[in-house]
Amino acid sequence: MHRIDCHVLTLHDSNPQWLRLMQADLDQAAVNQHWLPGVPGNIGAARAAGFRAGSAEFVTFADPDDRYDPTVFGALASLLDDLPTAPFAFAGEQQIDPRGNAISAPLLHPYDPAGHLDSPCHVHGVIVMRRRLVEPLLTLITSIHIAPEWHLTLKLTNHGMPVSMPRIGRWWRRHGSQATISAPPRPDAFRR
């Protein structure tokens with residue numbers, strides 16, 4: 001049993017090759033894997049179910065179309081051990097095309113409250129959160145169909161200042177069928 005529960009949401013149209021690559025990454029990571037079916041049209045409901053899976057101290061998630069550094073999950077948990085007031089820790093990412101080729105410079109930056117409020121991509125790579133802070137907020141995200149993680153992490157900042165790790169934790173595969181193509185709702189209700 002690991003200290004981190006990681007859920008993966010899959011849908012009937014998940015690319016089998018990408019899913020196998022991502023699973024190989026997770027198989028090397030110090031996480032308890034929880035594979036759940038997605039909820040078409042409601043990522044928030046599916047994410048809430050995923051975050052409820054397991055009982056580990058920390059929670060995270062992985063998307064079946066991306067690639068991950070297997071060591072980053074444990075490194076983020078260690079960072080949270082060192083900073084007990086931080087509600088979550090996150091690592092950066094690099095965008096890749098459907099074939100896995102880099103299409104952007106690495107997105108590595110310190111935490112910025114204004115940047116977080118302005119963009120769902122500010123806290124967007126690998127995010128490891130404290131379960132005890134996440135669980136009371138899950139009913140708030142069940143009706144958020146796009147970018148519920150943005151709203152959740154914004155609400156978590158009421159508990160303290162998040163911390164970033166300046167390294168790539170995820171290779172974010174950009175393609176035409178991902179949810180982030182749609183504009184997420186503004187998080188006005190999640191302001192402090």
### Message
For a protection proxy built on the mean count of beta-carbon atoms within 10 angstrom, sort 94-106, 132-144 highest first, please.
### Response
132-144, 94-106
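Report, in deg cm²/dmol and to the nearest 500, the calculated mean residue ellipticity at 222 nm for the chain, where each DSSP H run with n ≥ 4 adds -39500 (n - 2.57) and the sum is divided by the residue count. Present the calculation step by step, with values, prior to reporting the outcome.
Details: 7 runs with 56 residues, N = 192.
Mean residue ellipticity at 222 nm (helix-derived): -8000 deg cm²/dmol.
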### Summary
Projecting the Cα atoms of P87, H34, H175 onto the charge dipole of the chain, where Lys and Arg contribute +1 and Asp and Glu -1 at Cβ, the residue farthest towards the positive end is P87
### Summary
Going residue by residue through the stretch 63-74, the Karplus relation 6.51 cos²θ - 1.76 cosθ + 1.60 with θ = phi - 60° gives ³J(HN,Hα) values, rounded to whole Hz and with x marking Gly or Pro, of 9, x, 9, 9, 10, 9, 7, x, 7, 5, 4, x
### Query
Can you give me the Cα centroid spacing of the stretch 1-38 and the stretch 98-126 in angstrom?
21
### Query
Can you tell me the Rg and the Dmax, both Å, for the Cα atoms in the stretch 1-120?
15.0, 40
### Rounded to whole Hz, the Karplus (6.51, -1.76, 1.60) HN-Hα couplings of the stretch 42-53, x for glycine and proline
8, 5, x, 5, 5, 4, 4, 4, x, 5, 7, 5
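By how many nm would the segment from N158 to R99 lengthen if fully extended, with 0.36 nm per residue of separation less the alpha-carbon distance? Walk me through the intermediate numbers first.
Values: separation 59, 0.36 × 59 = 21.24 nm, distance 3.90 nm.
Gain on extension, N158 to R99, equals 17.3 nm.
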#### Entry: For the stretch 98-112, 3J(HN,Hα) per residue [Karplus equation, 6.51 cos²θ - 1.76 cosθ + 1.60, θ = phi - 60°, Hz, x = Gly/Pro]
x, 8, x, 8, 4, 10, 8, 6, x, 9, 10, 7, x, 5, 9
## Note on the structure
The percentage of the accessible area of the chain (probe 1.4 Å, all protein chains present) made up of carbon and sulfur atoms, to the nearest whole number, is 56
#### Entry: Estimated dipole of the chain in Debye, rounded to 20 [Cβ of Lys and Arg +1, of Asp and Glu -1, Cα centre]
260
### Message
For the chain, what does the accessible surface come to per residue with a 1.4 Å probe? Please give it in Å².
### Response
45
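The values are calculated or read from the model by the stated rules, or taken from the named source; none is laboratory data. Please read all numbers here as calculations on a predicted model, not as lab measurements. Positions of Cβ are generated from backbone atoms using ideal geometry, with glycine treated the same way; all protein chains shown enter the neighbour counts. To get the accessible areas, we keep the full protein, side chains included, count just its heavy atoms, and leave off ligands, DNA and RNA. Shrake-Rupley method; radii C 1.70, N 1.55, O 1.52, S 1.80 Å.
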